[in-house]
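What follows is a single structure, written as structure tokens, with notes after it.
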Amino acid sequence: MKELAALLMRDIKLAVRAGGGALIGALFFLIVATLLPFAIGPDLALLARIGPAMLWIGALLASLLALDRLFATDYEDGSLDLIMMGRAPLEFAILAKALAHWLTTALPLVVVAPLLGLLLNMEFQSMTFVALTLLAGTPALTCIGLIGAALAVTLRRGGLLLAVLVLPLTIPVLIFGVAASNAAIAGPVPFGPPFTILCALSLASIVIGPFAAAAALRHGLE
Amino acid sequence: MALIDLANPSRFLALAGRALPWLAFATALAFGVGLVMAFNAPDDYQQGATVKIMFLHVPAAWLGMFGWTLMSLSAFGTLVWRHPLADVAAKAAVPIGAAFTLLCLVTGSLWGRPMWGTSWVWDARLTSVLVLFLMYLGVMALYRTAEDPARGARAAAILTLVGAINLPIIKFSVDWWNTLHQPASVIRLGAPAIHPAILTPLLVMALAFLLLFLTLHLAAMRNEILRRRVRTLRLIQADESHA
Amino acid sequence: MNLGAHAGFIVAAYAAAAAMVGVLILWVALDYRAQRRSLDELEQRGITRRSQTKETP
Amino acid sequence: MRLWAENLACVRGGREVFAGVSFALGSGEALLVTGRNGAGKSSLLRMVAGLLRRSAGSLGLDAGEADHSIAEQAHYLGHQDALKPSLSVLENLSFWGAYLGASPASGKALDAVGLRDLSGLPAAYLSAGQRRRLSIARLVAVKRPIWLLDEPTSALDSPAQSQLAELMRGHLHGGGIIVAAAHGPIGLERARELKLGAA
């Protein structure tokens with residue numbers, strides 16, 4: 001257990017320090033959400049209606065694109081070899097890295113989301129619901145993105161390949177995330193069902209993601 | 001005192017050490033006078049007392065833009081004249097400029113709340129300030145990722161100059177974008193009639209903000225010089241122990 | 001000096017300004033102290049800049 | 001304790017890198033793997049470390065800790081140093097100590113490689129030789145019976161090389177096993193040699 005805590009703390013320290021990718025995801029999210037009204041126009045009513053969808057798309061892209069370097073830096077400086085030779089099973093080591101990434105990249109998104117709700121003229125109540133669905137949904141995005149990050153390392157081609165590989169897998173999370181947010185705001189559909197499905201998706205991906213990523217790393221590395 | 005004399009960091013540090021207390025005193029004085037005048041200024045016939053927020057909002061916008069101008073001048077210093085303190089000045093100005101721009105956005109939305117009923121509206125000027133704020137964050141992110149100051153300096157200088165050229169273009173396009181989508185519900189955020197009784201406090205507050213910016217900037221530059229000195233000493237420490 | 005109906009917003013604006021100025025001053029002061037501390041610690045270890053005379057540590 | 005391998009083979013990208021490699025090492029014994037570049041020295045080491053799948057042959061460790069794989073009882077010193085530039089010397093070492101072993105002796109390890117007085121310095125400032133010595137310190141900080149060293153002396157100046165030779169001698173004396181890949185001698189006196197790619 002101690003090894004995993006050490007790995008978690010190391011990754012958090014690396015993300016927070018200069019050169020780390022901690023707030024870049026939130027910044028990307030901020031810029032994406034700001035660009036949209038320039039395309040759609042400052043019509044406040046329309047923006048309020050599509051606000052949740054915009055925030056979800058922005059969060060999806062922000063958390064996935066930041067995942068690209070999750071294994072790549074460790075692969076390039078040789079740390080990945082040693083991580084695979086640790087006493088802790090690789091799956092749990094990957095889970096520790098995923099948690100570190102979620103805390104330093106996905107969590108800031110959840111915090112920034114209400115702020116961006118202001119830009120999209122959303123009511124405070126709907127903003128908090130969107131943030132809640134993001135909180136429930138981002139673990140799924142991170143764990144699905146893990147698989148793409150591991151594949152990107154073994155295929156030694158990062159960047160957009162990760163997005164292309166992984167985006168289709170995140171469609172269910174997007175559907176239920178936006179559905180839950182809209183249910184909370186406009187609401188013919190009750191908030192409960194889509195939200196619980198979203199949580200189920202997250203829990204499932206927390207289990208599947210690390211196993212698939214570990215398999216990809218084990219069999220891919222030459 | 002030619003600019004070149006300032007080039008020597010140690011002399012700059014000594015000068016900064018001496019000037020900072022005076023600057024801080026002048027800033028406090030200016031704020032004291034400014035705040036008193038602001039609170040005694042008459043209410044605007046249209047917006048009532050909320051006009052008092054303007055005494056923060058407008059100077060903050062001016063200082064946000066002043067920050068970027070200062071960074072652009074420093075960018076010239078880094079790229080063209082290779083002045084050693086140019087990048088220090090630019091890097092020190094970024095967070096302060098960003099903070100003032102953020103203050104402008106916050107006070108803008110607080111000022112807009114009672115008038116428009118929502119805290120944010122895509123008014124042309126406010127939107128341009130938002131874009132300026134995003135560009136500030138971009139330069140800050142750039143400085144954070146570049147570990148080696150020299151490389152970061154040139155990259156940031158280029159980004160700043162490109163930004164400076166684009167700002168008027170952004171301003172124009174946002175204005176056009178705003179007129180294109182002239183939503184009925186938005187009262188144009190017209191500049192309030194500058195009545196002398198309001199103008200003077202505004203100018204004093206602007207002066208106070210400027211002095212505050214300069215004080216913080218000088219102190220931040222001093223920190224940056226010390227930070228780079230720590231970095232060189234660490235390099236020397238590594239070399240020495242290698243011997 | 002009555003702030004009228006929207007007093008809350010005016011106070012909020014000035015509070016935000018004060019907070020922002022406070023944060024900036026705090027950041028500059030703390031940064032200065034941190035750099036001074038690392039500098040003193042390094043100089044204490046006898047590591048001096050080459051431009052000064054190089055005493056052996 | 002006995003580390004053995006029977007006709008190991010490695011095929012990568014359709015090309016047979018090496019085949020029919022066998023060896024057996026008891027406690028306190030060392031194996032020096034030599035051969036020209038591309039003969040598969042690194043691949044053999046990575047295979048023993050479990051980082052590379054075996055195309056054929058088998059690998060085993062007798063009398064080691066039963067339920068732990070070879071990888072969990074081996075140190076691997078590759079070409080890269082596995083160091084993070086933004087972490088300090090001590091932070092890098094104590095992380096690997098905590099991750100690879102129970103109670104890491106980071107202080108003792110830093111003394112062994114002469115980096116104690118740089119412990120607060122971010123690794124970005126280190127020279128190649130210092131980075132290599134910090135990577136070697138990992139071997140001292142955590143006790144693992146098997147050392148897999150891939151050109152350990154690269155980037156090391158002569159005092160550091162004798163320091164490494166000293167550490168290797170101590171490890172063998174303590175009953176450890178070393179498999180090292182190198183072009184020439186690296187200060188291992190009684191090491192058997194395994195030439196790869198003799199064809």
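Rule-based calculations on the coordinates, nothing more; no lab input. Values in this document were obtained by computation on a predicted structure and should not be read as measured data. Positions of Cβ are backbone-derived with ideal geometry, glycine not excepted, and every protein chain shown enters the neighbour counts.
Side notes on the structure shown:
- Per residue, the convex hull around the alpha carbon atoms of the protein assembly as shown comes to 187 Å³.
- Residue-averaged [θ]222 nm for chain A, counting only DSSP H segments that reach four residues, each worth -39500 (n - 2.57): -26000 deg cm²/dmol
- Those lysines that a straight Cα-Cα span of less than 18 Å connects to A:LYS2, excepting residues fewer than 8 apart in one chain: A:LYS13, A:LYS97, D:LYS143
- Shielding score for B:220-229, defined as the mean number of other chain Cβ atoms within 10 Å: 4
- Spherically averaged projected area of the range D:79-127 from its Cα convex hull (nm²): 3.5
- Working note: Karplus 6.51/-1.76/1.60 with θ = phi - 60° gives the range A:59-75 the couplings 5, 4, 5, 4, 6, 6, 5, 6, 7, 3, 8, 4, 9, 4, 5, 5, 5 Hz, where Gly and Pro are set to x.
- Close amide H pairs (under 5 Å, H built 1.01 Å from N) link D:PHE18 with D:CYS10, residues at least 5 positions away or on another chain.
- Expected 222 nm ellipticity per residue - DSSP helices of 4 or more, -39500 (n - 2.57), all of chain D, to 500: -9000 deg cm²/dmol
- Taking N as its residue count, the alpha carbon Rg of chain A over 2.2 N^0.38 Å: 1.03
- Loop-located trypsin sites (Lys or Arg not before Pro) in the range D:144-199 whose Cβ has at most 15 other Cβ within 10 Å (DSSP): D:ARG190
- For chain B, fraction of C-alpha pairs farther apart than 22 Å, in %: 61
- Taking the Cα centre of chain D as origin and assigning +1 to Lys and Arg Cβ atoms and -1 to Asp and Glu Cβ atoms, the resulting dipole is close to 360 debye.
- Partner chain coverage, peptide C:13-26 - average Cβ within 10 angstrom: 6
- The range D:2-195, relative contact order in percent, only Cα pairs under 8 angstrom and at least six apart counted: 30
- Sparse packing (at most 16 other Cβ atoms within 10 Å of the Cβ) combined with a DSSP loop state is found for the following trypsin sites (Lys or Arg not before Pro) in the range D:15-106: D:ARG36, D:ARG53, D:ARG54.
- Sorting A:2-13, D:20-31, B:217-228 by average packing, meaning the other beta carbons within 10 Å per residue, from highest down gives B:217-228, A:2-13, D:20-31.
- Residues D:HIS68, B:HIS57, D:HIS79, sorted so that the one with the fewest Cβ neighbours within 10 Å comes first: D:HIS79, D:HIS68, B:HIS57
- Inter-chain shielding of B:92-103 (mean C-beta neighbours from other protein chains, 10 Å cut-off): 2
- In summary, the convex hull built on the alpha carbon positions of the range D:2-195 has an orientation-averaged projected area of 10.7 nm².
- If the Kirkwood radius is taken over C-alpha pairs of the range B:114-161, then at 25 °C and 0.890 mPa s the Stokes-Einstein diffusion coefficient equals 194 µm²/s.
- Relative contact order (%) - criterion: Cα under 8 Å, at least six apart; region: chain A: 26
- The helix-based estimate of mean residue ellipticity at 222 nm for chain B, built from -39,500 (n - 2.57) per DSSP H run of four or more residues and divided by its residue count, is -28500 deg cm²/dmol to the nearest 500.
- For the range D:130-199, the list of GluC sites (Glu not before Pro) that fall in a loop by DSSP and count at most 14 other C-beta atoms within 10 angstrom reads D:GLU189.
- Listed from fewest to most Cβ neighbours within 10 Å, the set C:ARG33, A:ARG17 follows the order C:ARG33, A:ARG17.
- Given charges at Cβ of Lys, Arg, Asp, Glu: chain D dipole, positive-most of D:GLY101, D:ALA123, D:ALA141: D:ALA123
- Percent of beta bridges antiparallel (DSSP, the range D:2-195, rounded to nearest 5): 45
- Averaging the sequence gap over all C-alpha pairs within less than 8 Å and six or more residues apart, then dividing by the number of residues, gives the range D:75-161 a relative contact order of 44 percent.
- The protein assembly as shown - charge dipole about Cα centre, Lys and Arg +1 at Cβ, Asp and Glu -1, debye rounded to 20: 880
- For the range D:170-187, backbone phi angles converted through the Karplus equation (6.51, -1.76, 1.60; θ = phi - 60°) give residue-by-residue couplings of x, 5, 5, 4, x, x, x, 10, 10, 10, 10, 10, 7, 7, x, x, 10, x Hz, Gly and Pro being listed as x.
- Ordered by the count of other Cβ atoms within 10 Å of each Cβ, fewest first, A:CYS143, D:CYS10, A:CYS199 give A:CYS199, D:CYS10, A:CYS143.
- Other residues with beta-carbon under 15 Å from the beta-carbon of D:HIS183 carry, at +1 per Lys or Arg and -1 per Asp or Glu, a net charge of 0.
- Under Karplus coefficients 6.51, -1.76 and 1.60, residue-wise ³J(HN,Hα) of the range A:98-109 in Hz, glycine/proline x: 5, 5, 4, 5, 5, 5, 8, 10, 6, 4, x, 5
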